[in-house]
Ligand code: F6R
């Protein structure tokens, strides 16, 4: 695992956007796995700037989701489908046809999860998966005690994660209780994992991810098992590293 400490979130975003641009110049139709939440926004801003200035042609990139709320209509502004369309797909000049995600409205939820795992492998696998990290060490929505071999499946959000996500909704009562998330085993199949963590609130989770034992109690620690994992942290998030 490679750990890169940057001064702040903006620098982390710029660094990761450069890595994505380098990938797209080698492989223009690379499949990029994207996360939602606040952390990756500086990456998406930097990529959009590159596209606007003409220094990046992302027109053949393919985008896939890491996770999705269960039961939220796909066109709800806070569904992860809508969020990724707004934050990534449209700013990069792509269309919905270059974008895939799990169906959080399917009646057969497990069928939708299995279909998504199949779709990812039929698409040739994820070339670069962006990850954030929860204060409890979750990646995707694999909360503590998730199997390190897990596949895409339905998970129940912890109350902490629902509270953390309530800022995107009018009230916590509107935050769904369930999500579909790529499993840890699914995530580990991506060719390159890039986790960005910023702010003091992530410092303990980062320390356990990077320096602790590999444990289902800290799902992000599974990155230690991956041959090409990069953890980019700002100084605040790095503050508990030894
Ligand atoms: C979202 C996701 C989550 C977030 C994590 C951190 O798609 O997979 O694991 O990355 O909850 O969220 P923020 O960045 O909002 O602190």
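Taking neighbour Cβ counts within 10 Å as the exposure measure, how do 147, 171 sort from fewest upward? Walk me through the numbers before you get to the answer.
Working: 147 14, 171 7.
Taking fewest neighbouring Cβ atoms as first place, the list is 171, 147.
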Subtracting the Cα-Cα distance of residue 173 and residue 145 from 0.36 nm times their residue separation yields 7.6 nm
Checking 156, 181, 209 against a Gaussian network model of the chain (alpha-carbon springs below 10 Å), the top fluctuating residue turns out to be 156
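For the stretch 104-225, what Kirkwood radius comes out of the mean inverse Cα-Cα distance, in Å?
Details: mean 1/r = 0.0664 Å⁻¹.
After inverting the pairwise mean of 1/r, the radius is 15.1 Å.
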What ranking do 218, 89 get, fewest neighbouring Cβ atoms within 10 angstrom at the top? 89, 218
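So how do 145, 64 line up by other beta-carbon neighbours within 10 Å, fewest first? If you can, show how the numbers build up before the last one.
On the way: 145 9, 64 22.
Lowest count first: 145, 64.
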Most mobile of 216, 203, 106 per a Gaussian network model of the chain (Cα springs, under 10 Å)? 106
When a/c is below 1.5 the answer is rounded, else prolate if a/b is larger than b/c, else oblate, so apply that to the chain with a ≥ b ≥ c taken from the square roots of the Cα gyration tensor eigenvalues. rounded
Listed residues 188, 130, 15, most fluctuating in the chain (Gaussian network, C-alpha, under 10 Å): 15
FRET efficiency, residue 78 to residue 156 (Cβ-Cβ, R0 22 Å, nearest 0.05): 0.75
Rounded to the nearest 5, the percent of DSSP beta bridges in the chain running antiparallel is 30 percent
Could you please state, rounded to a whole Å, how far the C-alpha centre of the stretch 73-144 is from the C-alpha centre of the stretch 1-49? 17 Å
Pull out the extension gain between residue 27 and residue 107, defined as 0.36 nm times the separation in residues minus the alpha carbon to alpha carbon distance; nm, one decimal. 25.2 nm
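Determine the calculated [θ] at 222 nm for the chain from helices alone, applying -39500 (n - 2.57) to every DSSP H run no shorter than 4 residues and normalising by the residue count; nearest 500 deg cm²/dmol. Could the numbers behind the result be given before it?
Values: 7 runs with 70 residues, N = 242.
Value at 222 nm, helices only: -8500 deg cm²/dmol.
Of all beta bridges DSSP finds with both residues in the stretch 131-242, what is the antiparallel percent, to the nearest 5? Kindly include the intermediate steps, with their values, before the conclusion.
Values: 6 of 12 bridges.
Rounded to the nearest five, the antiparallel share is 50 percent.
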Along Cα→Cβ, 7 Å out, is where each label goes; now give me the distance between the ones at residue 4 and residue 122 in nm to one decimal. 3.4 nm
Range of Cα positions in the stretch 102-163 per principal axis (Å), largest first: 34, 30, 19
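Can you tell me the length gained on complete extension of the stretch residue 191 to residue 239, counting 0.36 nm per residue apart and subtracting the Cα distance? Don't jump to the answer; show the numbers that get you there.
Details: separation 48, 0.36 × 48 = 17.28 nm, distance 2.84 nm.
Separation in residues times 0.36 nm, less the Cα-Cα distance, equals 14.4 nm.
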Output the antiparallel fraction of DSSP beta bridges having both residues in the stretch 81-205, as a percent to the nearest 5. 55 percent
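Rounded, prolate or oblate: which one fits the stretch 158-242, using the alpha carbon gyration tensor with axes a ≥ b ≥ c (rounded when a/c is under 1.5, else prolate when a/b beats b/c, else oblate)? Write down the numbers at each step before the final one.
Values: a/c = 2.13, a/b = 1.37, b/c = 1.56.
Because a/c hits 1.5 or more and a/b fails to exceed b/c, the stretch 158-242 counts as oblate.
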Stick to Cα atoms and the Kirkwood definition of Rh, then tell me Rg/Rh for the stretch 1-112. 1.00
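A short reminder: the numbers here are calculations on the coordinates, not readings from a lab. Everything quoted here is computed from the prediction, not taken from an experiment. No Cβ is skipped: glycine too gets one built from the backbone with ideal geometry, and neighbour counts run over all protein chains shown.
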